[in-house]
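Colleague: Handing you this structure, nothing more for now.
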Amino acid sequence: DAGVIQSPRHEVTEMGQEVTLRCKPISGHDYLFWYRQTMMRGLELLIYFNNNVPIDDSGMPEDRFSAKMPNASFSTLKIQPSEPRDSAVYFCASTPGQETQYFGPGTRLLVL
Amino acid sequence: GNSVTQMEGPVTLSEEAFLTINCTYTATGYPSLFWYVQYPGEGLQLLLKATKADDKGSNKGFEATYRKETTSFHLEKGSVQVSDSAVYFCALKGGGSTLGRLYFGRGTQLTVWP
(Lines give C-alpha, C1' and ligand atoms only; values in the text may rest on other atoms or scores of the structure.)
Protein backbone atom coordinates (compact mmCIF):
# COMPACT_ATOMS: atom_id res chain seq x y z
CA ASP A 1 0.00 0.00 0.00
CA ALA A 2 1.29 3.46 -0.87
CA GLY A 3 0.08 5.00 2.37
CA VAL A 4 -1.71 8.32 2.66
CA ILE A 5 -0.81 10.54 -0.27
CA GLN A 6 -0.80 14.31 -0.05
CA SER A 7 -0.17 16.92 -2.71
CA PRO A 8 1.48 19.23 -3.18
CA ARG A 9 4.32 18.59 -0.75
CA HIS A 10 5.28 22.25 -0.74
CA GLU A 11 3.25 25.32 -1.63
CA VAL A 12 4.33 28.94 -1.69
CA THR A 13 1.68 31.51 -2.46
CA GLU A 14 0.88 35.14 -1.96
CA MET A 15 -1.60 36.54 0.49
CA GLY A 16 -5.10 36.60 -0.93
CA GLN A 17 -4.63 33.65 -3.25
CA GLU A 18 -6.68 30.47 -3.09
CA VAL A 19 -4.86 27.36 -1.89
CA THR A 20 -6.09 23.79 -2.37
CA LEU A 21 -4.50 20.87 -0.55
CA ARG A 22 -5.27 17.32 -1.61
CA CYS A 23 -5.33 13.98 0.16
CA LYS A 24 -5.81 10.39 -0.91
CA PRO A 25 -6.46 8.13 2.10
CA ILE A 26 -5.46 4.49 2.35
CA SER A 27 -7.93 2.32 0.50
CA GLY A 28 -10.58 0.88 2.80
CA HIS A 29 -10.12 3.47 5.52
CA ASP A 30 -13.42 5.11 6.39
CA TYR A 31 -12.14 7.97 8.54
CA LEU A 32 -10.14 10.90 7.25
CA PHE A 33 -8.62 13.70 9.35
CA TRP A 34 -7.08 17.06 8.49
CA TYR A 35 -4.53 18.52 10.95
CA ARG A 36 -2.48 21.69 11.05
CA GLN A 37 0.92 21.86 12.75
CA THR A 38 2.68 25.06 13.82
CA MET A 39 5.37 25.81 16.35
CA MET A 40 3.06 28.06 18.31
CA ARG A 41 -0.05 25.89 18.47
CA GLY A 42 1.31 22.39 17.98
CA LEU A 43 -0.88 19.81 16.21
CA GLU A 44 -4.50 20.92 15.75
CA LEU A 45 -7.36 18.83 14.42
CA LEU A 46 -9.23 20.89 11.82
CA ILE A 47 -11.94 18.53 10.62
CA TYR A 48 -12.65 14.85 10.21
CA PHE A 49 -14.90 12.73 8.03
CA ASN A 50 -16.51 9.33 8.41
CA ASN A 51 -17.69 7.63 5.24
CA ASN A 52 -17.22 10.93 3.38
CA VAL A 53 -19.47 12.84 5.80
CA PRO A 54 -17.99 15.65 7.94
CA ILE A 55 -18.36 14.68 11.60
CA ASP A 56 -16.68 17.54 13.44
CA ASP A 57 -15.44 20.76 11.87
CA SER A 58 -15.14 22.73 15.09
CA GLY A 59 -11.39 23.04 14.59
CA MET A 60 -11.68 24.89 11.30
CA PRO A 61 -10.27 28.34 12.10
CA GLU A 62 -12.73 30.46 10.16
CA ASP A 63 -14.88 30.65 7.07
CA ARG A 64 -11.84 31.01 4.84
CA PHE A 65 -11.23 27.30 5.39
CA SER A 66 -13.36 24.62 3.79
CA ALA A 67 -12.97 20.87 3.32
CA LYS A 68 -14.71 18.36 1.13
CA MET A 69 -14.65 14.63 0.60
CA PRO A 70 -16.52 13.88 -2.63
CA ASN A 71 -15.67 10.17 -2.51
CA ALA A 72 -13.87 7.60 -0.40
CA SER A 73 -10.54 8.11 -2.12
CA PHE A 74 -10.16 11.88 -2.21
CA SER A 75 -10.41 14.94 0.02
CA THR A 76 -9.50 18.60 -0.34
CA LEU A 77 -8.79 21.38 2.12
CA LYS A 78 -9.21 24.84 0.64
CA ILE A 79 -8.15 28.22 1.98
CA GLN A 80 -9.64 31.25 0.29
CA PRO A 81 -8.30 33.88 0.65
CA SER A 82 -5.02 32.78 2.22
CA GLU A 83 -3.21 34.85 4.85
CA PRO A 84 0.37 34.71 6.17
CA ARG A 85 -0.87 33.27 9.49
CA ASP A 86 -2.08 30.21 7.58
CA SER A 87 1.53 29.19 7.00
CA ALA A 88 1.94 25.74 8.54
CA VAL A 89 2.33 22.07 7.77
CA TYR A 90 -1.02 20.46 6.95
CA PHE A 91 -1.37 16.73 7.52
CA CYS A 92 -3.99 14.32 6.35
CA ALA A 93 -4.51 11.04 8.21
CA SER A 94 -6.80 8.06 7.75
CA THR A 95 -7.92 5.08 9.82
CA PRO A 96 -10.18 2.08 9.27
CA GLY A 97 -12.17 3.01 12.36
CA GLN A 98 -9.66 1.34 14.64
CA GLU A 99 -7.31 3.32 16.78
CA THR A 100 -4.15 3.71 14.74
CA GLN A 101 -4.15 6.76 12.49
CA TYR A 102 -1.89 6.72 9.45
CA PHE A 103 -0.46 10.09 8.53
CA GLY A 104 0.58 11.44 5.17
CA PRO A 105 3.89 13.26 4.68
CA GLY A 106 2.24 16.67 4.97
CA THR A 107 2.01 19.80 2.84
CA ARG A 108 4.27 22.69 3.85
CA LEU A 109 2.39 25.89 3.10
CA LEU A 110 4.02 29.30 3.08
CA VAL A 111 1.85 32.35 2.50
CA LEU A 112 3.83 35.49 1.73
CA GLY B 1 -13.42 15.92 28.52
CA ASN B 2 -10.35 14.36 26.96
CA SER B 3 -6.91 15.94 27.10
CA VAL B 4 -3.23 15.01 27.21
CA THR B 5 -0.39 16.82 28.95
CA GLN B 6 3.20 15.91 28.19
CA MET B 7 6.45 17.30 29.44
CA GLU B 8 7.79 20.38 27.76
CA GLY B 9 10.85 19.99 25.61
CA PRO B 10 13.30 20.13 24.22
CA VAL B 11 15.08 17.16 25.73
CA THR B 12 18.76 16.76 24.90
CA LEU B 13 20.64 13.56 25.75
CA SER B 14 23.90 11.86 24.98
CA GLU B 15 23.85 8.55 23.14
CA GLU B 16 23.14 5.55 25.41
CA ALA B 17 21.47 7.73 28.06
CA PHE B 18 18.16 6.78 29.66
CA LEU B 19 15.06 8.53 28.36
CA THR B 20 11.81 9.38 30.09
CA ILE B 21 9.11 11.58 28.59
CA ASN B 22 6.20 12.14 30.94
CA CYS B 23 2.59 12.02 29.79
CA THR B 24 -0.58 12.37 31.85
CA TYR B 25 -4.14 12.37 30.64
CA THR B 26 -7.70 13.29 31.49
CA ALA B 27 -10.45 11.19 29.96
CA THR B 28 -13.98 9.98 30.40
CA GLY B 29 -14.40 6.25 30.45
CA TYR B 30 -11.54 3.94 29.57
CA PRO B 31 -9.26 5.43 26.94
CA SER B 32 -6.66 3.79 24.74
CA LEU B 33 -3.24 5.46 24.88
CA PHE B 34 -0.61 5.98 22.21
CA TRP B 35 2.83 7.33 21.51
CA TYR B 36 3.48 8.67 18.03
CA VAL B 37 6.86 9.76 16.66
CA GLN B 38 7.60 12.36 14.01
CA TYR B 39 10.99 12.30 12.30
CA PRO B 40 12.21 15.48 10.61
CA GLY B 41 10.24 16.32 7.50
CA GLU B 42 7.81 13.43 7.91
CA GLY B 43 4.30 12.75 9.17
CA LEU B 44 3.53 11.12 12.50
CA GLN B 45 3.77 7.37 12.83
CA LEU B 46 2.61 5.07 15.58
CA LEU B 47 5.37 4.04 17.98
CA LEU B 48 3.40 2.01 20.52
CA LYS B 49 0.01 1.74 22.17
CA ALA B 50 -1.86 0.28 25.14
CA THR B 51 -5.57 -0.32 25.25
CA LYS B 52 -6.28 -1.07 28.91
CA ALA B 53 -4.94 -0.44 32.39
CA ASP B 54 -1.61 -2.11 33.25
CA ASP B 55 -0.90 -2.93 29.60
CA LYS B 56 2.63 -2.22 28.45
CA GLY B 57 3.22 -1.09 24.89
CA SER B 58 6.67 -1.60 23.42
CA ASN B 59 8.48 -1.10 20.14
CA LYS B 60 12.07 -0.40 19.01
CA GLY B 61 13.29 -0.47 22.62
CA PHE B 62 10.70 2.06 23.77
CA GLU B 63 8.17 1.15 26.45
CA ALA B 64 5.18 2.76 28.14
CA THR B 65 2.83 1.37 30.78
CA TYR B 66 -0.81 2.39 31.08
CA ARG B 67 -1.22 3.50 34.72
CA LYS B 68 -4.87 4.15 35.51
CA GLU B 69 -4.22 5.05 39.15
CA THR B 70 -1.89 7.89 38.18
CA THR B 71 -3.51 8.59 34.78
CA SER B 72 -0.10 8.36 33.17
CA PHE B 73 1.61 6.79 30.14
CA HIS B 74 5.27 7.75 30.40
CA LEU B 75 7.60 6.84 27.54
CA GLU B 76 10.95 5.23 28.42
CA LYS B 77 13.98 3.87 26.65
CA GLY B 78 17.01 2.44 28.36
CA SER B 79 19.64 3.53 25.84
CA VAL B 80 18.86 6.15 23.23
CA GLN B 81 20.55 6.43 19.85
CA VAL B 82 21.18 9.39 17.56
CA SER B 83 18.53 7.96 15.24
CA ASP B 84 15.91 8.42 17.99
CA SER B 85 16.09 12.19 17.54
CA ALA B 86 12.52 13.19 16.71
CA VAL B 87 9.36 14.73 18.16
CA TYR B 88 7.29 12.41 20.35
CA PHE B 89 3.54 12.84 20.83
CA CYS B 90 1.37 11.25 23.49
CA ALA B 91 -2.27 10.72 22.48
CA LEU B 92 -5.50 9.16 23.69
CA LYS B 93 -8.66 7.82 22.19
CA GLY B 94 -11.59 8.19 24.53
CA GLY B 95 -13.17 5.08 25.92
CA GLY B 96 -16.54 4.24 24.51
CA SER B 97 -16.07 6.45 21.50
CA THR B 98 -16.47 4.87 18.10
CA LEU B 99 -15.57 7.94 16.14
CA GLY B 100 -11.85 7.33 15.84
CA ARG B 101 -10.71 10.72 17.02
CA LEU B 102 -7.36 11.04 18.83
CA TYR B 103 -6.39 13.79 21.30
CA PHE B 104 -2.71 14.73 21.05
CA GLY B 105 -0.30 16.36 23.46
CA ARG B 106 1.92 19.25 22.37
CA GLY B 107 4.86 17.02 21.48
CA THR B 108 8.36 16.74 22.99
CA GLN B 109 11.43 17.35 20.87
CA LEU B 110 14.22 14.86 21.60
CA THR B 111 17.77 15.44 20.38
CA VAL B 112 20.43 12.78 20.93
CA TRP B 113 24.10 13.70 20.54
CA PRO B 114 26.80 11.14 19.69
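Colleague: Could you grab the relative contact order for chain A? Cα pairs under 8 Å, six or more apart, rounded to a whole percent.
Modeller: On the way: 282 pairs, mean separation 41.8, N = 112.
Computed over chain A, the figure is 37 percent.
Colleague: Any idea how far the Cα center of segment A:59-75 sits from the one of segment A:89-112, in Å?
Modeller: Centre-to-centre distance over Cα atoms comes out at 13 Å.
Colleague: To continue, here is another question. For chain A, evaluate the Debye formula with one uniform point scatterer on each Cα (no solvent term) and list log10 I(q)/I(0) at q = 0.22 Å⁻¹, rounded to two decimals.
Modeller: -1.23
Colleague: If you don't mind, there's one more thing I want to ask. Where the eigenvalues come from the Cα gyration tensor of the protein assembly as shown, what are the semi-axes √(5λ) of the equivalent ellipsoid, largest first, in whole Å?
Modeller: Rounded to whole Å, the semi-axes are 30, 21, 15.
Colleague: Given a 1.4 Å probe and heavy atoms of the protein chains only, how would you sort B:82, A:19, B:4, largest accessible area at the top? Present the calculation step by step, with values, prior to reporting the outcome.
Modeller: Working: B:82 60, A:19 0, B:4 20 Å².
Greatest to least solvent exposure: B:82, B:4, A:19.
Colleague: Ok, one more. Please report, in whole Å³, the volume per residue of the convex hull around the C-alpha atoms of segment B:1-97. The partial results should precede the final answer.
Modeller: On the way: hull volume 9.5 nm³, N = 97.
For segment B:1-97, the hull spanned by Cα atoms encloses 98 Å³ per residue.
Colleague: Still on this model: Buried accessible area for the A:B pair, summed, 1.4 Å probe, in Å² rounded to 100? Before the final figure, lay out each step's value.
Modeller: Numbers: alone 6320 and 6200 Å², together 10830 Å².
Chains A and B together bury roughly 1700 Å² of accessible area.
Colleague: Ok, one more. Within the accessible area of chain B, what % is carbon and sulfur when the probe is 1.4 Å and the other protein chains stay in place? Could the numbers behind the result be given before it?
Modeller: Numbers: 2610 of 5370 Å².
The nonpolar share, carbon plus sulfur, comes to 49 percent.
Colleague: Could you state the accessible area per residue of chain B in Å², with a 1.4 Å probe and every protein chain left in place? Each step should come with its number before you reach the end.
Modeller: Details: 5370 Å² over 114 residues.
Per-residue accessible area for chain B comes out at 47 Å².
Colleague: OK, next. With +1 on each Lys and Arg Cβ and -1 on each Asp and Glu Cβ, and nothing else charged, work out how big the dipole of the protein assembly as shown is about its Cα centre, in Debye to the nearest 20. Write out the running numbers ahead of the final one.
Modeller: Numbers: 20 positive and 23 negative charges, 52 e Å.
Computed charge dipole of the protein assembly as shown: roughly 240 debye.
Colleague: Next up: Could you sort the residues of segment A:86-112 by number and keep only those whose accessible area is reduced by 50 Å² or more in the all-protein-chain setting relative to the chain alone, 1.4 Å probe?
Modeller: Residues of segment A:86-112 that lose at least 50 Å² of accessible area once the other chains are added: A:99, A:100, A:101, A:103.
Colleague: As a test of reading the structure, rank A:36, A:9, A:85 by solvent-accessible area (1.4 Å probe, protein chains only), most first. Numbers along the way, then the final one.
Modeller: Values: A:36 25, A:9 105, A:85 150 Å².
The most accessible residue leads, giving A:85, A:9, A:36.
Colleague: Given Cα pairs under 8 Å that are at least 6 residues apart, what percent is the relative contact order of segment A:1-65? Each step should come with its number before you reach the end.
Modeller: Numbers: 75 pairs, mean separation 13.9, N = 65.
Normalised by residue count, the contact order of segment A:1-65 is 21 percent.
Colleague: Here is a follow-up. Using the Kirkwood radius over Cα pairs, work out the Stokes-Einstein diffusion coefficient for segment A:67-112 at 20 °C and 1.002 mPa s, in µm²/s as a whole number. Let's see the in-between values first.
Modeller: On the way: Rh = 12.4 Å.
Translational D for this selection: 173 µm²/s.
The values are calculated or read from the model by the stated rules, or taken from the named source; none is laboratory data. Every value quoted in this text rests on a predicted model; they were computed, and no experiment measured them. When we count neighbours, we look across all protein chains shown, and the Cβ atoms used for this are built from the backbone with ideal geometry, even at glycine. SASA here: full protein model, heavy atoms, side chains in, ligands and nucleic acids out. Shrake-Rupley method; radii C 1.70, N 1.55, O 1.52, S 1.80 Å.
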